[in-house]
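The values are calculated or read from the model by the stated rules, or taken from the named source; none is laboratory data. Predicted model only: the values in this text are computed from it and were never measured. Quick reminder, even Gly has a Cβ in these numbers, built from the backbone with ideal geometry, and neighbours come from all protein chains shown. These accessible areas exclude ligands, DNA and RNA; they are computed on the full protein's heavy atoms, side chains included. Shrake-Rupley method; radii C 1.70, N 1.55, O 1.52, S 1.80 Å.
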Amino acid sequence: MDRILEISPVDRIAVVEPGVVNAVLSRAVGEHGLYYPPDPSSWETCTIGGNIGTASGGLCCVKYGVTAEYVLGLEVVLADGRLLSTGRRTAKGVAGYDLTRLFVGSEGSLGIVVKAVLALRPKPPRQLVLAAEFPSAAAACDAVCAIMERGHTPSLLEIMDRTTIRAVNAMAQMGLPDTTEALLLAAFDTADPGPDLAAAGELCAAAGATQVVPPRTRPSPSCCSRPAGCR
Ligand SMILES: Cc1cc2nc3c(=O)[nH]c(=O)nc-3n(C[C@H](O)[C@H](O)[C@H](O)COP(=O)(O)OP(=O)(O)OC[C@H]3O[C@@H](n4cnc5c(N)ncnc54)[C@H](O)[C@@H]3O)c2cc1C
């Protein structure tokens, strides 16, 4: 059950079977100028059925939310073999109990999803990523609070502590600065991300960042969970 049954740019939905791999769906909707935001780091291998089962999210959830926000409707086979349809395929659909949400995150315990109606968004501009090094994880957290408190909406906001940085370097040889105590990545995917990036950089410095590396070019594929070309 790995077919994409429908992609509708008019309704901004995709109708899929549960075995569709997240990355396959993301690339397919991208060809229509659309975007399926839930992006667990396992996106190259995990399925939409598994994403629904675990209510997964990824780096972009700070702006776009997690799987639950994008599942509009489901077809589910219940334990006694009945086929249950939940939800909608319209932008608005507020009548009745929200059974769709009940199934999202239920890990297959309530039934087996055999079809899903997923909401899509217009594909945003490619994000630009700023990196900042901090002398402590607490200082990096202060920067996160300042960025959010000032009303910025990053498309990615990720802290890595020193243990994590070293583990990533050991596994993926990414060349991250492994003498720093904490690394903060902040990205913006608006049409003009410059002012947000500049303000985020200043807030990082005010929170004690020892180094702020602004994006001079488009981000490298390793800067975010999604490889180049996806967005
Ligand atoms: C390397 C790695 C990185 C990850 N990164 C993230 C991350 O950044 N963010 C995050 O939130 N999660 C992350 N995860 C966990 C993530 O939630 C899962 O990878 C993914 O959502 C599971 O999809 P899967 O296809 O592997 O499902 P499986 O592992 O096969 O199943 C997951 C659950 O869903 C249920 N399920 C599967 N299909 C159906 C179906 N058709 N109907 C009903 N239930 C079903 C299963 O019974 C099981 O309980 C990561 C996992 C890995 C291994």
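Which ³J(HN,Hα) values in Hz, rounded to whole numbers, follow from the phi angles of segment 35-52 under the Karplus curve 6.51 cos²θ - 1.76 cosθ + 1.60, where θ = phi - 60° and Gly and Pro get x?
9, 9, x, x, 9, x, 5, 8, 4, 6, 10, 7, 9, 4, x, x, 4, 5
Based on the alpha-carbon gyration tensor of segment 102-190, what equivalent-ellipsoid semi-axes (square roots of 5 times the eigenvalues) come out, in whole Å, largest first?
Equivalent ellipsoid of segment 102-190: 32, 20, 15 Å, largest first.
Give a quick list of trypsin sites (Lys or Arg not before Pro) in segment 153-220 that DSSP marks as loop, anything other than H, G, I, E or B, with at most 10 other Cβ atoms within 10 Å.
ARG216
Would you mind getting me the FRET efficiency between ALA199 and ALA167? Use the beta-carbon distance for r and R0 = 30 Å, nearest 0.05.
The computed FRET efficiency comes out at 0.45.
For the pair ASP178 and CYS145, what calculated FRET efficiency results from E = 1/(1 + (r/R0)^6), where r is the Cβ-Cβ distance and R0 = 35 Å, to the nearest 0.05?
0.90
Could you state the number of Å between the C-alpha centres of segment 138-211 and segment 83-112?
36
Assuming R0 = 25 Å, can you tell me the calculated FRET efficiency for the pair ILE112 and GLU69, based on Cβ-Cβ distance, to the nearest 0.05?
0.65
Per the Kirkwood definition applied to all pairs of different Cα atoms, how many angstroms is the hydrodynamic radius of the chain?
19.0
Relative contact order (percent) for the chain, with alpha-carbon contacts under 8 angstrom and 6 or more residues of separation?
21
Rounded to the nearest 500 deg cm²/dmol, what is the calculated helix-only ellipticity per residue at 222 nm for the chain, with -39500 (n - 2.57) per DSSP H run of length n ≥ 4?
Rounded to the nearest 500, it is -7500 deg cm²/dmol.
Would you mind classifying segment 1-105 by shape? Square roots of the alpha carbon gyration tensor eigenvalues, ordered a ≥ b ≥ c; an a/c under 1.5 is rounded, otherwise it is prolate if a/b is larger than b/c and oblate if not.
rounded
So, taking all protein chains as they sit and a 1.4 Å probe, how much accessible area belongs to VAL77, in Å² rounded to tens?
Surface open to solvent at VAL77 totals about 50 Å².
Over segment 1-95, calculate the relative contact order: mean separation of alpha carbon pairs under 8 Å at least 6 apart, over the residue count, as a percent.
After rounding, I find 20 percent.
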